[in-house]
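Asks: Structure provided below as structure tokens; questions to follow.
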Amino acid sequence: WETEPRLAVQGRQLPRHICRILQLPTPELGDGFLENDGHGMVALFLYNLWRRLPDRDAWLRARWEDVRALGDWIPWQFRHPEISRADELLWSDSEAANYCVTAGKSFYCDMACIEALLALAVMADSLGEGESAGLWRQTAARMLEACDRVYGQTLPDGSRRWGDEHLAWQRHSQLSALLLNDRFGLFPENGYPRWAG
């Protein structure tokens, strides 16, 4: 992304990130250059791999530039809405966001990136990379607050539920809860107590 002229968008080279088809990056909307759910899930996979490695410190130090790029891609989108279309949440050209039928927003895509940022922050902390960890946690916190505003619904009994009318898989927003398993196992209430019940 950083060096290949054909991957420039609006005359700018993008930071490295995960796209829909890893070996076929393309800057065209609809081809997955803003495949945020895939980006987040790859980061969560690497986090879980790292947690299980016997010499994880050496492994992470050798790959830190790439791991840091995974975390930095998400705040970069908020700093460059003219390219990413991000506002208070991400904009994704993903089937999870029902692109191109709807606006490209999706609770599923946003939650994948929130969880990725929080997992990557743990990795950054392990190397003493507090500046990166802090940026990623702040970004995740802002996104989580925005998710509550944008996707949250108050039910007749007064409880809150997060849904997603933009999701390609209508009425399946509970798929987002599966992402929490990567950090909390089968007990998502350990990370999001307000979701329990």
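The values are calculated or read from the model by the stated rules, or taken from the named source; none is laboratory data. Treat the numbers as computed from the prediction; the structure is a model and nothing was measured. Cβ placement follows ideal geometry from the backbone for every residue including glycine, while neighbour counts extend to all protein chains displayed. Surface accessibility is based on the protein's heavy atoms, side chains included, excluding ligands, DNA and RNA. Shrake-Rupley method; radii C 1.70, N 1.55, O 1.52, S 1.80 Å.
Asks: Which of the residues that make up segment 1-34 are small (G, A, S), modelled with pLDDT of 90 or more and either assigned to a helix (DSSP H, G or I) or open to solvent by less than 20 Å² (accessible area, probe 1.4 Å) (or both)? It would help to see each step written out before you state the result.
Replies: Of all residues in segment 1-34, those small (G, A, S) come to 8, 11, 30, 32.
Narrowing the set further to residues that are modelled with pLDDT of 90 or more leaves 8, 11.
Hits for segment 1-34: nothing passes.
Asks: D37 fails exactly one of the following numbered conditions: (1) assigned to a helix (DSSP H, G or I); (2) surrounded by fewer than 18 Cβ atoms within 10 Å (Cβ to Cβ). What is the number of that condition?
Replies: Among (1) assigned to a helix (DSSP H, G or I); (2) surrounded by fewer than 18 Cβ atoms within 10 Å (Cβ to Cβ), the lone unmet condition for D37 is (2).
Asks: Which members of segment 115-139 meet the condition of being under 13 Å from the mean Cα position of the chain (by Cα) and surrounded by 24 or more Cβ atoms within 10 Å (Cβ to Cβ)?
Replies: Listed by number, the residues that qualify are E115, A116, L117, A119, L120, W136.
Asks: Scan segment 40-58 and report the pairs whose first residue is in contact (Cβ under 8 Å) with a residue 60 or more places away in the chain and whose second residue is surrounded by 11 or more Cβ atoms within 10 Å (Cβ to Cβ) and among the hydroxyl-bearing types (S, T, Y), with Cβ atoms within less than 8 Å and a gap of 6+ or a chain change.
Replies: Matching pairs, first to second residue: R56/S126; D57/S126.
For (1) in a loop (DSSP other than H, G, I, E, B); (2) among the small types (G, A, S), each residue gets a yes or a no:
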| residue | (1), (2) |
| --- | --- |
| A43 | no, yes |
| P54 | yes, no |
| W59 | no, no |
| Y108 | no, no |
| M111 | no, no |
| A116 | no, yes |
| A133 | no, yes |
| A140 | no, yes |
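Asks: Could you grab the pairs with beta carbons closer than 8 Å, sequence gap of 6+ or different chains, first residue in segment 97-119 and farther than 29 Å from E131 by Cβ and at pLDDT 90 or above, second one of a type in the set (K, R) and surrounded by fewer than 24 Cβ atoms within 10 Å (Cβ to Cβ)?
Replies: Hits for this filter: zero, empty list.
Asks: Please find, among A58, A62, A69, the residue that is under 20 Å from L135 (Cα atoms) and out of contact with any Leu (no Cβ under 9 Å at 6 or more places or on another chain).
Replies: Residue meeting the stated conditions: A69.
Asks: Another question, then. Does segment 89-96 contain at least one residue that is of a type outside the set (S, T, N, Q), without any contact (Cβ under 8 Å) to a residue 60 or more places away in the chain and not in a helix (DSSP H, G or I)?
Replies: Within segment 89-96, one or more residues are of a type outside the set (S, T, N, Q), without any contact (Cβ under 8 Å) to a residue 60 or more places away in the chain and not in a helix (DSSP H, G or I).
Asks: Which ones in segment 56-85 are touching a Lys or Arg at 6+ places or on another chain (Cβ under 9 Å) and either crowded, with 21+ Cβ neighbours inside 10 Å or closer than 21 Å to D148 by Cβ (or both)?
Replies: Across segment 56-85, the qualifying residues are L70, W73, Q77, F78.
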